[in-house]
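The values are calculated or read from the model by the stated rules, or taken from the named source; none is laboratory data. Note that this is a predicted model, so its numbers are computed, not measured. Using ideal geometry, Cβ is built from the backbone for each residue, glycine included, and neighbour counts are taken over all protein chains shown.
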């Protein structure tokens, strides 16, 4: 199949996928998702409407771009050298991703996952400036 100079082959799944895409177009699925229409997934809003905040992330990020740049300047200038990421749920995977992208100093506790299930550990923060990253769930 060719579309906008992109070629791909769906093999034996091509007919099923084309049919699913046609259904999505006919049912206006993309617009409904952007409108946060929970009926795309379920007939009731439970467990759906409180999980669609990611749709607003690009606009919220753009609104806060000056704050984000000012915050990043603390790291790029060397005023903050160490970061502790406090995660919950899937956001705790961010420590692993950051460690793979940015690396860590030898002997540091980078990427260590600490769970609140009664197995709490004390973590010694580095001397000097250390940043804490707190996740926000919508």
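Looking at the range 18-48, which of its residues are surrounded by 13 or more Cβ atoms within 10 Å (Cβ to Cβ) and over 26 Å from residue 8 (Cβ atoms)?
Passing the criteria: 36, 37, 38, 41, 45, 48.
Just a yes or no: is a residue in the range 34-51 assigned to a helix (DSSP H, G or I) and modelled with pLDDT under 70?
Looking for residues that are assigned to a helix (DSSP H, G or I) and modelled with pLDDT under 70, one finds none in the range 34-51, hence no.
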